[in-house]
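Each remark here refers to the structure printed beneath this line.
Each reported figure results from applying straightforward, stated rules to the coordinates on display, with no laboratory input. Predicted, not measured: the structure shown is a model, and the values here were computed from it. Cβ placement follows ideal geometry from the backbone for every residue including glycine, while neighbour counts extend to all protein chains displayed.
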Amino acid sequence: MRWLSRSYLTLVYLLLYVPIVVLVVFSFNDSRTGYSWGGLSLRWYDSLFNNHAMVQAMWNSLWLALTAATVSTIIGALTALALHRYRFRGKRVLNGMLFVVMMSPEIVLAISLLGLFLLLGLKLGYVSLLLAHVTFCLPFVVITVMARLSGFDERLPEAARDLGASDFTMTRTVLIPVIMPALMAGWLLGFTLSMDDVVVSTFVSGPSYEILPLRIYSMVRVGLKPEVNALGTLLLVFSLVMLMLSQWILSRSKQ
Amino acid sequence: MMRSIKQQPFRAAVLVLVWGWLLFLVLAPNMLVVGASVMTRNPSTFISLPLNLDAYRQLFNPLYLDVFLHSLYMAALTTLICLLIGYPFAWALSRVEKRRQMLLIFLLIVPFWTNSLVRTYALKLILATNGLLNSALMSLGVIDEPAQLLYTEGAVIVGLVYLLLPFMILPLYSVFEDLRQDVLLASHDLGAGRLATFKNVVVPLTLPGVLAGVMLVLLPAMGLFFVPDILGGSRNLLVGNVIKNQFLDARNWPFGAAASIVLTLTMALLMFAHRLSKRRLGEEGA
Amino acid sequence: MKKLALAGILALGLTGCSSDDPQVLNLYNWSEYMPQEVLTRFEDETGIKVVYTTYDSNEAMYARLKLLDESAAYDLAVPSTYYVSKMRNEGLLLPIDQSKISGFDQLDPELTGLDIDPSNQFSVPYLWGTTGIGVDTADIAGEPVTAWEDLWDERFKGKVNLTNDMREVFHMSLRVLGYPGNSTDPQQIEEAYEKLTELMPSVRTFNSDAPRMPFLEGEADVGMIWNGEAVMGKESMEALEYVYPEEGVIAWLDSFVIPKNAKNPEAAHQFISFVLQPEIAALISEDIGYATPVLSARELLDDEVAGDRASYPTPEDMVNAEFQTDIGDEALQVYAKYWEKLKSGL
């Protein structure tokens with residue numbers, strides 16, 4: 001029984017990782033056709049970095065993910081604090097709305113935002129992308145921070161105040177350090193969601209601000225492009241580093 | 001008391017910001033979609049008055065109903081496969097000793113952190129006629145001629161399962177984690193066989209996890225339009241493709257909006273079922 | 001506070017905006033329809049940065065242009081044949097100042113002053129071509145493929161490529177049935193749909209981003225392809241042949257137009273002039289395999305290119321050729337309905 005479950009786990013992991021291994025291996029493949037092995041080469045990395053539109057899209061995406069993650073972390077943290085500390089009318093409605101954003105199909109969020117931006121006459125580009133990305137990242141940050149706050153000893157801020165700390169000092173020295181790991185985890189999650197999003201971005205982006213997922217989408221639709229393998233490998237390494245960073249932060253904060 | 005007054009400006013600012021954001025970017029846009037779905041299609045301005053339910057009627061026209069049902073079938077099949085793979089997987093995972101469990105969970109979410117388009121593209125490399133799977137099978141002598149794998153419904157299902165499997169496993173894993181060993185032992189002591197224990201104890205206790213997983217898989221499986229685009233030869237296999245076409249190609253906004261509302265309602269129904277199952281479980285436990 | 005937050009975000013957006021540079025040309029074009037070299041040379045020569053975004057069907061281009069109507073997003077687009085008249089009639093285009101276009105007099109008189117834009121007030125021809133049949137002669141046995149009808153042949157089951165273009169696919173089917181390719185008769189359209197459902201088991205993929213790719217990847221052996229794609233595909237796959245079907249090819253003329261709210265019409269004019277230079281036009285035709293309307297460029301072409309029947313058809317090849325025309329919104333909805341269903345594979 002034990003043997004069976006072990007080999008089953010191994011099999012599923014194998015299936016999950018085969019495509020990723022293929023991708024990485026083929027990114028170093030010299031062959032042009034993309035299916036057969038033609039020797040080791042870095043030519044696809046080279047052609048990737050010589051593609052100006054691609055590099056531009058990469059920077060655009062990084063900047064968008066960076067800002068979207070930051071804005072959603074700030075707003076998300078404030079929301080979580082408000083939900084945790086204050087009583088106010090409509091708290092359940094607010095909670096419900098966040099839940100709706102998280103659960104509603106991406107494509108519905110996409111078209112609803114497109115409708116709004118068109119109605120407002122907002123130019124589709126960086127700003128529309130930012131607003132959309134912050135919106136779909138928000139609930140994830142709120143949940144992460146809320147989870148952290150719920151395990152937090154309420155007597156700590158009381159004690160700090162009893163010892164004469166001002167409200168500001170208390171927030172800075174007690175609250176912020178406590179939710180810091182959650183903020184970072186939420187930020188990283190938002191960053192990844194933003195870098196990966198195709199569905200929402202397809203609808204709310206314009207030509208003035210081209211981003212990586214859409215660029216990849218148009219490349220992949222055209223056919224086999226070995227540059228995509230190289231790009232995928234870079235993205236994989238990048239997210240692995242980010243993921244390990246977040247794990248490290250989380251484990252350090254637990255100690 | 002003093003403190004809450006001192007905090008008032010901060011509190012007010014936070015609440016206004018949060019409420020503002022959600023009303024402006026969640027509630028208002030969704031209302032717009034509802035509005036658009038009851039308007040009339042207009043070739044030059046997208047939508048116009050008068051209000052009517054034509055879009056919904058169109059949706060239940062046999063022509064489109066078939067498309068919708070077929071998409072539902074694709075999504076349901078994806079969900080079922082995810083469940084069949086994920087259920088034993090989550091169970092086996094919860095039995096591994098704690099320290100290795102963390103590593104295994106980590107390995108499970110690494111693919112999730114990798115760009116989904118790129119992963120879909122990698123599947124194309126494997127499934128193509130000249131691709132790796134066909135070459136491997138041919139060199140092993142299993143088949144003589146390359147099989148048609150890419151640009152089929154099967155390829156789309158494989159793609160969806162591959163992208164969504166972690167979303168099924170994680171909630172299942174968490175319910176298996178909570179499934180206490182002594183409950184199973186008690187059931188055994190009371191004379192229940194393995195099958196009876198599974199049917200009467202394990203299944204009901206893990207039901208919320210199953211429903212959560214179904215929710216997290218079924219809906220994206222209907223909306224991820226890029227998977228059929230890449231692996232299905234641009235066929236419209238999902239409602240997502242139809243919705244996207246209505247907005248970005250055919251310019252039939254009321255119809256696209258109506259289709260999205262049906263999609264949202266499906267989600268609401270699932271969430272309701274999820275809550276119900278959780279509540280029932282809670283009552284039984286009490 | 002909401003406004004304040006919004007203002008803050010907008011301010012953030014401005015600092016993050018990389019396109020402050022006024023000298024940008026937003027070119028909206030078909031996938032793989034302009035050699036990178038041309039863009040680079042234009043950028044080097046004028047200092048204007050070209051942002052190249054792509055679409056895979058006229059419908060998508062038109063919908064997006066209408067969608068972004070107010071936000072002045074695109075400076076130049078390349079609609080096919082009747083989409084020029086459609087967009088012109090709907091007031092979506094800016095007039096083109098012919099005095100700013102050098103090389104206009106070099107254009108083939110047969111391709112200017114057409115019904116779609118009688119005095120070329122709104123459009124300048126870029127390339128013209130045809131949609132015919134691509135055949136991977138190495139992979140098929142038996143009778144040679146000569147007609148659209150042959151796509152229905154049993155031996156091509158699971159090996160047919162269609163363009164992801166509603167009008168073209170129906171055009172093809174209508175011609176097989178002996179109807180006009182621009183039919184507006186719902187009865188005929190339905191028949192064409194029925195005929196296409198018989199083809200569906202044979203259809204491997206719909207590809208309008210690069211229809212040569214399914215052939216090169218070994219997924220398709222026969223099917224609809226644009227002539228230029230066939231020419232490009234032949235470079236890496238000798239066996240890929242372009243066939244002019246007996247029922248007639250679908251002919252089209254792609255023209256530059258300037259959308260109504262273009263931000264940089266000056267640059268758009270500059271770009272059109274640049275592309276009309278005989279040397280550049282010849283380079284484009286040689287590189288991507290479509291026929292250039294610039295007469296003086298044809299003299300500069302390699303004999304091999306100029307003599308390639310795929311790029312430059314003989315009059316016999318064009319016997320039953322038909323241009324697509326605007327069929328009106330009502331008929332379009334009929335087409336769209338069946339197209340959705342067809343593509344669902346039901």
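Remark on residue C:51: its backbone amide H falls under 5 Å from those of C:25, C:26, C:27, a criterion applied only to residues 5 or more positions apart or on other chains, H modelled at 1.01 Å from N.
Assuming charge only on the beta carbon of Lys and Arg (+1) and of Asp and Glu (-1), the dipole of the stretch B:25-123 about its Cα centre is about 480 debye to the nearest 20.
Take the Cβ atoms of residue A:180 and residue B:186, set R0 to 35 Å, and the FRET efficiency comes out at 0.25. Relative protection proxy for B:250-262, A:180-192, from highest mean packing down: B:250-262, A:180-192 (other beta-carbon atoms within 10 angstrom).
Can you tell me what percent of all Cα-Cα pairs in the protein assembly as shown are more than 55 Å apart? Above the 55 Å cut-off, the protein assembly as shown has 15 percent of its Cα pairs. Backbone phi angles across the stretch B:34-39, fed through the Karplus curve with coefficients 6.51, -1.76 and 1.60 (θ = phi - 60°), yield HN-Hα couplings of 4, x, 4, 5, 9, 8 Hz in residue order; Gly and Pro are listed as x. Projecting the Cα atoms of A:105, A:226, C:268 onto the charge dipole of the protein assembly as shown, computed from C-beta unit charges around the Cα centre, puts A:105 farthest toward the positive end.
If you take the alpha carbon atoms of the stretch B:67-116 and fit the smallest convex hull around them, that volume is 71 Å³ per residue.
Normalised by the number of residues in the stretch B:192-286, the average gap of Cα pairs under 8 Å and 6 or more apart makes the relative contact order 28 percent. Across chain B, the relative contact order, built from alpha-carbon pairs under 8 Å that are at least six residues apart, equals 27 percent. Inter-chain Cβ neighbour count for B:237-247, averaged per residue, equals 5 (cutoff 10 Å, partner chain atoms only). Neighbours of residue B:152 by Cβ distance under 15 Å: Lys/Arg scored +1, Asp/Glu scored -1, total +2.
Dividing the alpha-carbon radius of gyration of the stretch C:234-346 by 2.2 N^0.38 Å (N being the number of residues), what value is obtained? Here the answer is 1.39, to two decimals. Site pair residue C:246 and residue A:10 shows an inter-label distance of 6.2 nm when each label is modelled 7 Å from Cα along Cα→Cβ.
For the stretch A:163-241, what value does the Rg/Rh ratio take when both radii are computed over Cα atoms and Rh is the Kirkwood radius, given to two decimals? On the Cα set of the stretch A:163-241, Rg over Rh gives 1.25. Mean per-residue shielding of peptide A:70-81 is 3, counting Cβ atoms of other chains within 10 Å of each Cβ. Per residue of peptide A:125-132, the mean number of Cβ atoms on other chains within 10 Å of the residue Cβ is 5. Looking at the stretch B:77-143, what % of the alpha carbon pairs are farther apart than 20 Å? Result: 56 percent of Cα pairs exceed 20 Å. Once the C-beta distance of residue A:24 and residue C:44 is scaled by a Förster radius of 45 Å, the resulting FRET efficiency is 0.80 to the nearest 0.05.
Among the listed pairs B:244/C:260; C:157/C:234; C:100/C:263, a Cα-Cα separation exceeding 19 Å is found for B:244/C:260; C:157/C:234.
Each label was represented as a point 7 Å from its Cα along the Cα-to-Cβ direction; for residue B:262 and residue C:314 these points are 5.3 nm apart. For the peptides B:229-238, A:199-208, the ranking by packing is B:229-238, A:199-208, with the highest mean count of neighbouring Cβ atoms within 10 Å listed first.
Each helix, a run of at least 4 DSSP H residues, gives -39500 (n - 2.57); summed and divided by the residues of the protein assembly as shown, these come to -19500 deg cm²/dmol at 222 nm.
Computed from backbone phi, the HN-Hα couplings of the stretch B:253-261 come to 5, x, 5, x, 5, 4, 4, 5, 5 Hz, rounded to whole numbers (Karplus: 6.51 cos²θ - 1.76 cosθ + 1.60, θ = phi - 60°; Gly and Pro given as x).
Kirkwood hydrodynamic radius computed over chain B comes to 22.6 Å, based on all pairs of distinct alpha carbons.
Charging the Cβ of each Asp and Glu at -1 and of each Lys and Arg at +1, and nothing else, the dipole of the stretch A:16-172 about its Cα centre rounds to 420 debye.
Modelled this way, with points 7 Å down the Cα-to-C-beta line, the labels at residue C:152 and residue B:105 are 6.0 nm from one another. Contact order for chain A, expressed relative to its length and based on alpha carbon pairs under 8 Å spaced 6+ residues apart, stands at 31 percent. Computing FRET efficiency as 1/(1 + (r/R0)^6) for residue B:174 and residue A:150, where r is the C-beta to C-beta distance and R0 is 22 Å, gives about 0.85.
Expressed as a whole percent, the proportion of Cα-Cα pairs in chain A lying more than 26 Å apart is 55%. Simple rule: put +1 on each Lys or Arg Cβ and -1 on each Asp or Glu Cβ in the protein assembly as shown, find the dipole, and look at A:80, A:120, A:51; the Cα lying farthest toward the positive end is A:80.
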